[in-house]
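Encoded as structure tokens, the structure appears first; notes follow it.
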Amino acid sequence: MTQATEPALNIDDLKTQIKKLNSKAGQLKMDLHDIAEGLPADLEKLPDISVQTYEIYCRLRDLKQQLKTLEQSK
């Protein structure tokens with residue numbers, strides 16, 4: 001998975017993005033859980049939701065690390 005280069009964000013921008021992504025990530029996690037509990041029903045939805053969930057949590061990890069780095073450099 002390649003990572004796109006993005007412009008540097010300030011601490012407040014990062015916190016805002018993290019908050020929004022946390023909400024989306026929580027919903028995707030619940031969707032994934034619901035699909036898993038209902039298997040084999042909705043089996044065709046599993047790959048797409050899995051990829052989306054993985055990508056959003058990777059993005060959150062990266063933003064949180066970026067925030068930590070910025071906060072430590074202050």
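What to note about this one:
- Check on Asp12, in a helix (DSSP H, G or I) and at pLDDT below 95: yes
- Residues satisfying the stated conditions in the range 36-74, i.e. loosely packed, with under 10 Cβ neighbours inside 10 Å and under 18 Å from the mean Cα position of the chain (by Cα): Pro47
- Cβ-Cβ under 6 Å pairs, at least 6 apart or on other chains, the range 34-54 side in contact (Cβ under 8 Å) with a residue 12 or more places away in the chain, far side of a type in the set (D, E, K, R) and in a helix (DSSP H, G or I): Ile35/Lys45; Ile49/Asp31
The values are calculated or read from the model by the stated rules, or taken from the named source; none is laboratory data. Computed from a predicted model, the values in this text were never measured in an experiment. We place every Cβ from the backbone using ideal geometry, glycine too, and count neighbours over all the protein chains shown.
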